[in-house]
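Please read the structure below before turning to the comments.
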Amino acid sequence: MRSWSAPEVPTLPVTGPPVVLHDTASGGPVTVTPAHGGPARLYVCGITPYDATHLGHAATYVGFDLLLRAWRNAGHQVRYVQNVTDVDDPLLERATKVKVDWVELAERETELFRQDMQALRVLPPDHYIGAVESIPLAIEMIEALDEAGAIYRVESDLYYAVNADPAFGAESGYDRETMLRFFGERGGDPGRPGKQDPLDCVVWRGEREGEPSWPSPFGAGRPGWHIECAAIARHHLGGEFEVQGGGSDLVFPHHEMCAGHAQVVEPGTRFAQVYSHAGMVGYDGEKMSKSRGNLVFVSALRNSDIDPMAIRLALLRHHFRSDWEWVDAELFEAVDDVTRWRKAVALGAGAPAAPVVQEVLAALADDLDAPRAVAAVDAWVDATLGTAGLADTSDPEAAVAIHAVVDAALGLSL
Ligand code: 5CA
Ligand code: ZN
């Protein structure tokens, strides 16, 4: 489906260091460089479009946007794929509840998401792929899983047997009890009679009264959630790629199952080299979520004339991997900060820029440490404006360099 327009990204005169990410599977840092000089490939799980983009989603997508920028600044080409779960239980339930056609609801919310991402200067994926348009890919992959002996039927539904992948559990590292808990909480059906293992997941859901369905060799129905991302990633990035990303609520079962599906189809491979997960943003003491309803929408902030760059800066003041709580006051501080940053770069001359550029690039290459990068810019702004003493204007070219690195690495247009 249609992606959104890319913002201009300045090319920097210096190259950033290789990018290191924390990998959920190994629990440690991994230097992520593309194989054989090819592009660095990223798959980020996209939205389920039944409601507007909230700040939790925005934090996750801004987080992975920093990865694309860090790779580009390190001199790599990138190939970026994101999906839209435009048919799934929560979307159909919401459509029924608000009496709107599910296709219309998905299209409307996806369009709002595109506008939000564009306003936040998030780089668009090269391939923005819907679940519905990928049904043939999902069917093909289910057939391949079936050939590998990993599929069985329960009534009209097809299940994937998790024990088909010898590496099952390696992505999340969770024990069985934790897996069972998250599986039940996050769309799974551990208690369904007839399953071989309570953790086995649906790959094809047979037709139900009142639900959309598509024809397939296994009967009419629709694909399960995990097969969707596995099939899209495999088709557009290959069976092995550098990074799969998403929020930490996708560690299990979603990313574990995606990895399993792909690794069973192509034995001996490892789906993603690194699994990277963004922290959960909370509000009013709980994880911001569509089902809880404690949401702050990006579009609502934009409609009240908040500068999207201030929203982006407020998000960047938190490390993408940490869980944190949105506090409205931080947005108002960010509005003031953007004004101060703009004032400093408008001066032309300023404090020496070269060490700041190095520090910003180094911080972002070190597991996307945006708070550290932002602190370096803060310090430059303070020195340039003379916030605590004499203004330093010793570097006549400072503003151009800071303007460029803040844009290229942090995605902030001053
Ligand atoms: N469509 C699936 C992924 S294939 C999905 O999880 N959609 S979503 O709309 O529920 O979430 C979209 C992305 O935002 C996911 O990566 C999810 O992990 C992330 N996310 C959801 N809630 C939060 C939150 N409160 N804080 C940070 N990220 C969040
Ligand atoms: Zn996904």
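At a threshold of 8 angstrom on Cα-Cα distance, excluding pairs fewer than six apart, so keeping six or more, what relative contact order does segment 20-283 reach in percent? So the answer I get is 25 percent.
Across the options Thr33, Tyr50, Ile135, the greatest Cα extent toward the positive end of the charge dipole of segment 20-283 (unit charges at beta carbon of Lys, Arg, Asp, Glu) belongs to Thr33.
Within a straight-line Cα-Cα reach of under 21 Å, Lys290 can be paired with the following lysines, leaving aside sequence neighbours fewer than 8 residues apart in one chain: Lys97, Lys99. If the chain linking Arg192 and Thr178 were pulled fully straight, counting 0.36 nm for each residue of separation and taking away their Cα-Cα distance, it would gain 3.2 nm. Mean projected area of the convex hull spanned by the Cα atoms of segment 20-283, taken over all viewing directions: 14.0 nm².
Between Arg302 and Ala379, the contour length at 0.36 nm per residue exceeds the Cα-Cα span by 24.9 nm. Can you bin segment 58-148 into rounded, prolate or oblate? Criterion: square roots of the alpha carbon gyration tensor eigenvalues sorted a ≥ b ≥ c, rounded for a/c under 1.5, prolate for a/b above b/c, oblate for the rest. The shape class here is oblate. Each residue of segment 74-82 is assigned a 3J(HN,Hα), and the resulting list reads 8, x, 8, 6, 10, 10, 10, 10, 9 Hz, derived from the Karplus form 6.51 cos²θ - 1.76 cosθ + 1.60 (θ = phi - 60°), x at Gly and Pro.
For the chain, the share of accessible area belonging to carbon and sulfur comes to 51 percent (1.4 Å probe, ligands and nucleic acids excluded). In a reduced charge model with +1 at each Lys and Arg Cβ and -1 at each Asp and Glu Cβ, segment 141-236 shows a dipole moment near 100 debye about its Cα centre. With angles folded into 0 to 90 degrees, how steeply does helix 370-385 sit against the dominant principal axis of the chain? Use alpha carbons for both and round to 10. Helix 370-385 and the main axis of the chain meet at about 20 degrees. For the chain, the Cβ-based charge dipole about the Cα centre amounts to some 360 debye (Lys, Arg positive; Asp, Glu negative; other atoms uncharged). Dipole magnitude for segment 303-414: computed about the Cα centre from +1 point charges on Lys and Arg Cβ and -1 point charges on Asp and Glu Cβ, it is near 240 debye.
Peptides 19-30, 166-177, 187-198 ranked from most to least packed by the mean count of surrounding Cβ atoms within 10 Å: 19-30, 166-177, 187-198. Selection among Cys229, Ala59, Ala148 by position relative to the dipole of segment 20-283 gives Ala59 as farthest towards the positive end (Cβ unit charges, Cα centre). Across the options Leu91, Ala409, Val103, the greatest Cα extent toward the positive end of the charge dipole of the chain (unit charges at beta carbon of Lys, Arg, Asp, Glu) belongs to Ala409. Compared with the dominant principal axis of the Cα atoms in the chain, helix 256-265 is inclined by about 60°. Highest-first packing order for the peptide set 112-119, 357-364, 90-97, 327-334 is 357-364, 112-119, 90-97, 327-334, based on the mean count of other beta carbon atoms within 10 Å. The residues of the chain have, on average, 40 Å² of accessible surface per residue, using a 1.4 Å probe with all protein chains present.
The values are calculated or read from the model by the stated rules, or taken from the named source; none is laboratory data. Remember, predicted model here, so these are calculated numbers, not experimental data. Don't worry about glycine lacking a Cβ; one is built from the backbone with ideal geometry, like all the others, and counts go over all protein chains shown. Protein only, heavy atoms only, side chains kept; ligands, DNA and RNA dropped before computing areas. Shrake-Rupley method; radii C 1.70, N 1.55, O 1.52, S 1.80 Å.
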